[in-house]
1. Residue 77 passes all but one of (1) of a type in the set (S, T, N, Q); (2) surrounded by 13 or more Cβ atoms within 10 Å (Cβ to Cβ); (3) under 47 Å from the mean Cα position of the chain (by Cα); which number fails?
2. Could you pull out the residue among 158, 175 that is modelled with pLDDT of 75 or more and loosely packed, with under 12 Cβ neighbours inside 10 Å?
3. For segment 147-154, indicate whether the set of residues that are under 30 Å from residue 27 (Cβ atoms) and surrounded by 15 or more Cβ atoms within 10 Å (Cβ to Cβ) is non-empty.
4. Can you give me the number of residues within segment 80-94 that are at pLDDT 75 or above and surrounded by 11 or more Cβ atoms within 10 Å (Cβ to Cβ)?
5. Under the condition of being modelled with pLDDT of 90 or more and not small (Gly, Ala, Ser), which residue from segment 307-324 is nearest to the chain's Cα centre (by Cα)?
6. Pairs needed: first member in segment 77-100, outside the structural domain of residue 46 (by TED's automatic domain parsing) and closer than 26 Å to residue 45 by Cα; second member anywhere, in a helix (DSSP H, G or I) and among the basic types (Lys, Arg); C-beta distance under 6 Å; at least 6 residues apart or different chains.
7. Select from segment 107-134 the residues that are polar (S, T, N, Q) and free of Cβ contacts under 8 Å to residues at least 12 places away in the same chain and list them in ascending order.
Amino acid sequence: MRMTWGPPRRLAGLTARLGLRRGTARTRFTALYVTLFLLSGTALLAIVAVVASGGSRSSRTAPDGGTGQAATAAQAQGRIDELEQQLAQAHDIRSRQILVGSAVALGVMAVISVGLGWFVAGRVLRPLREMTAATRRITADSLHERLAIGGPGDEVKDLADTIDDLLGRLEGSFDAQRLFVANASHELRTPLTTMRASLDVALAKPGPVPEATTTLAVRMRAELDRVDRLLEGFLVLARSQHGEFTDSAHLSLGRLALAALTGRAEDIAARGLTVRENRIDDSVWVWGSRTLLRRVADNVVDNAITHNDPGGWLSVAVRAEGDDAGAVSLVVESGGPVLDQRRVADLALPFRRLGADRTGTGHGSGLGLSIVAAITRAHHGTLDLRARSGGGLRVTITLPRTDGRAAAQAAGTETGVAR
């Protein structure tokens, strides 16, 4: 026999009018329990009152006899009436005492029922709270986790098993998607390499090569390089979304940012950009994949260079947030056109640009900031994109900070990051 937990319509309407529907389910269950108790207790008290007040009062009349007997009967009748009056008064007093005592008991039990209802509702809803907490912990990067709610095979267990089955199907779908992207990107590199080699062979043939052929070959190579960068971006994106790192280590986020700036000095000079005073603290450390976090620093610096005004500016800052157990922030700001803040968040999605003014030089794959977002999430960090009021973009990447002493001990392993 299945039990339905929904309150009757009238009680549900009462709780809605009292504003309890806006509360938690535990509050509503408690209110329902107390309401039912008060209704049943009041009905019981009414029945007791009716029964207590239903005593019949009758008087007896002595049979008619002689004069002497009549006098004696009158005296006896008077005594009987007096006793009946005293008995009725005692009965009324006892009835009032019973009603008052019952009312007091009902009030005390009503108070107790509030605590009892709250406790029982908490025990009944505890599996749901556990399911809610477990579901909140499960993200796209931890779909392998399950609720695994034990207990009898009731409605709550059926719901938990249904959610576990759904998580299993989602995990299979996500894994299939990531595997397809990774395999497709890898397999497509072979024909790209063949096409690039064919162009090189065609241009290396003896004899004069027509100018049109040379121009076409240069354009084809540029497009092939662009597709190659796009496939590499797909591979990095799939790897970061999968969350499996084979090169994790203690890393200095400041050194990664400085290396990204140093490696792009020629591009900065070619566009006439000015690097403002940087506040890079290389004494703060994070834990993560060396390759992916280096890609994060490279991408945000590339974005600041590519989508900037000629002769503009950019700045890079790395600082600690809070104490040793806090976080580390990488902040990259750049000049450029004024952006719409309502659409800036779309830049973290693949192939999203804010119009023609964000196309830059045309060498981007459209995956730069989406890769940054995926890698940041995989490292339990956050990415914040803000349009600057004077034009340009502020990119803030916040990552968990590791223990400084552990990082110092592992500093010897972090070589070749920023030299």
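1. Every listed condition holds for residue 77 apart from (3).
2. On inspection, the qualifying residue turns out to be 158.
3. Of all residues in segment 147-154, those under 30 Å from residue 27 (Cβ atoms) come to 147-154.
So of that shortlist, the ones also surrounded by 15 or more Cβ atoms within 10 Å (Cβ to Cβ) come out as 147, 149.
Yes - at least one qualifying residue is present in segment 147-154.
4. Residues of segment 80-94 at pLDDT 75 or above: 80-90, 92-94.
When the remaining residues are screened for being surrounded by 11 or more Cβ atoms within 10 Å (Cβ to Cβ), the result is 80-81, 84-85, 87-88, 92, 94.
Residues that pass the stated criteria total 8.
5. 318
6. none
7. Matches in segment 107-134: 132 only.
Conditions (1) in contact with a helix residue (DSSP H, G or I) (Cβ under 9 Å, 6 or more places away or on another chain); (2) of a type outside the set (Ser, Thr, Tyr); (3) free of Cβ contacts under 8 Å to residues at least 12 places away in the same chain, marked per residue:
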{"position": "158", "(1), (2), (3)": "no, yes, yes"}
{"position": "173", "(1), (2), (3)": "no, no, yes"}
{"position": "191", "(1), (2), (3)": "no, yes, yes"}
{"position": "200", "(1), (2), (3)": "yes, yes, yes"}
{"position": "209", "(1), (2), (3)": "yes, yes, yes"}
{"position": "214", "(1), (2), (3)": "yes, no, yes"}
{"position": "228", "(1), (2), (3)": "yes, yes, no"}
{"position": "232", "(1), (2), (3)": "yes, yes, no"}
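The values are calculated or read from the model by the stated rules, or taken from the named source; none is laboratory data. Everything numeric here is computed off the predicted structure, so don't read it as measured data. Here Cβ is always computed from backbone atoms with ideal geometry, including for glycine, and neighbour counts include all displayed protein chains.
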